[in-house]
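Here is the structure we will look at.
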Amino acid sequence: VQLQASGGGLVQAGGSLRLSCAVSGGTFTTHALGWFRQAPGKEREFVAAISYNGDSTYYADSVKGRFTISRDNAKNTGYLQMNSLKPEETAVYYCAADRLRHLPTLRALYQYWGRGTQVTVSS
């Protein structure tokens, strides 16, 4: 399974971005999808996850109410809509897939990772 995140860029504080995660080489509809981010000098942290069929989602407390994770299984693509972005959310954002669990939140549980897309939020 290969994943490719895209949609990152430079945005002002309070702005919005929509990230996409294109998945190929496997059965996308059987994999949970997660988003993580890693700021310079920090560990990669969980942002959001969605179950294989989209019926369940889970968010880190820091993004609840501002970010929305979704997926379109017909297009083999996942999304992360990010609103009201803050400068401290500047990071490389990664998407990941897990074929074994319904709604994984731990980095170590994901088998497949994309390369990431840079999100920069200016103040």
Worksheet entry | Count of residues meeting criterion [of a type in the set (Phe, Trp, Tyr) and more than 16 Å from LYS64 (Cα to Cα)] in region 15-51 | 1
Fill in: Residue tally, condition farther than 19 Å from TYR58 by Cα and buried (at least 21 other Cβ atoms within 10 Å of the Cβ), over region 75-100
1
Worksheet item: Which residue pairs have Cβ atoms under 6 Å apart, sit 6 or more places apart or on different chains, and have a first residue in region 62-87 that is closer than 20 Å to TYR52 by Cβ and a second that is small (Gly, Ala, Ser) and in a loop (DSSP other than H, G, I, E, B)?
Response: ARG71/GLY54
Fill in: Test: residue in region 101-123 that is touching a Pro at 6+ places or on another chain (Cβ under 9 Å), outside any strand (DSSP E or B) and open to solvent by 60 Å² or more (accessible area, probe 1.4 Å)
yes
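Yes or no: TYR110 within 14 Å of VAL1 (Cα to Cα) and in contact with a Gly (Cβ under 8 Å, 6 or more places away or on another chain)? Walk me through it before giving the result.
Details: within 14 Å of VAL1 (Cα to Cα): yes; in contact with a Gly (Cβ under 8 Å, 6 or more places away or on another chain): yes.
Yes, satisfied.
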Discussion item. Of the residues ALA22, ALA49, only one is modelled with pLDDT of 95 or more and either open to solvent by less than 20 Å² (accessible area, probe 1.4 Å) or among the acidic types (Asp, Glu) (or both); which?
Written reply: ALA49
Worksheet item: Which one is farthest from SER16 (Cα to Cα), of the residues in region 65-74 that are in contact with a strand residue (DSSP E or B) (Cβ under 8 Å, 6 or more places away or on another chain) and open to solvent by 20 Å² or more (accessible area, probe 1.4 Å)?
Response: ASP72
Worksheet item: Of the residues that make up region 26-42, is at least one within 17 Å of TYR112 (Cα to Cα), of a type in the set (A, V, I, L, M) and outside any helix (DSSP H, G or I)?
Response: yes
Discussion item. Pull out all pairs, ordered by first then second residue, where Cβ-Cβ is under 8 Å, the residues are six or more apart or on different chains, the first lies in region 94-123 and is without any contact (Cβ under 8 Å) to a residue 40 or more places away in the chain, and the second is acidic (Asp, Glu).
Written reply: LEU109/ASP98
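The values are calculated or read from the model by the stated rules, or taken from the named source; none is laboratory data. Not measured: the values here are computed from a predicted model. Quick reminder, even Gly has a Cβ in these numbers, built from the backbone with ideal geometry, and neighbours come from all protein chains shown. Remember, those area values only see protein heavy atoms, side chains included, never the ligands or the DNA or RNA. Shrake-Rupley method; radii C 1.70, N 1.55, O 1.52, S 1.80 Å.
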